[in-house]
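Structure first, commentary second.
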């Protein structure tokens, strides 16, 4: 089994969690703005109910993508960069493989009469 095969098994649940547009939006918002509450997120997207945001948070939390910190009555949410590190590593491997393939193609084309 190649390095990429092992990595994809580890990151497939992360991609599945991020595959929903609302969940991707939540992660992006948390990454840009830092710790937010479910209320903060719900207010930013009035078309999505607080209950729906809560369900999306649950999926992201189960995947380890976000973490929650309770302070009194509020729960603040944040992105867990450690959980996303395998995704970055896998994408870096894919990028390097494409770079190598393009270099080989360029070298081949230079030798074609």
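All of the numbers you see were taken from the coordinates with simple rules; none came from a lab. Quick caveat, the model's predicted, so the values are computed rather than measured. Neighbour counts are summed over all protein chains in view; Cβ atoms, including those assigned to glycine, are modelled from backbone coordinates with ideal geometry.
List, largest first, the extents of the alpha carbons of the chain along their principal axes, each in whole Å.
In descending order, the Cα extents are 71, 29, 20 Å.
Taking 0.36 nm per residue of separation and subtracting the Cα-Cα distance, what length does fully extending residue 75 through residue 95 add?
Length gained, residue 75 through residue 95: 3.5 nm.
Grab the DSSP H runs of the chain that are 4 residues or longer, score each as -39,500 (n - 2.57), total them, divide by all residues and round the 222 nm result to the nearest 500 deg cm²/dmol. Could the numbers behind the result be given before it?
Details: 5 runs with 80 residues, N = 113.
Value at 222 nm, helices only: -23500 deg cm²/dmol.
So for the stretch 41-113, averaging the separation of alpha carbon pairs under 8 Å that are six or more residues apart and normalising by length, what relative contact order in percent results?
15
What order do you get for 101-109, 55-63 when each peptide is scored by the mean count of other beta carbon atoms within 10 Å, highest first?
Answer by packing, highest mean first, reads 55-63, 101-109.
Given a Förster distance of 30 angstrom, what is the FRET efficiency for residue 105 paired with residue 62, based on the Cβ-Cβ distance and rounded to 0.05?
Details: r = 42 Å, r/R0 = 1.38.
The pair residue 105/residue 62 has a calculated efficiency of 0.10.
Set the Förster radius R0 to 35 Å, insert the Cβ-Cβ distance between residue 112 and residue 31 as r into 1/(1 + (r/R0)^6), and round the FRET efficiency to 0.05.
E(calc), rounded to 0.05, equals 0.20.
Could you work out how far helix 3-18 tilts from the main Cα principal axis of the chain, as a 0 to 90 degree angle to the nearest 10?
30
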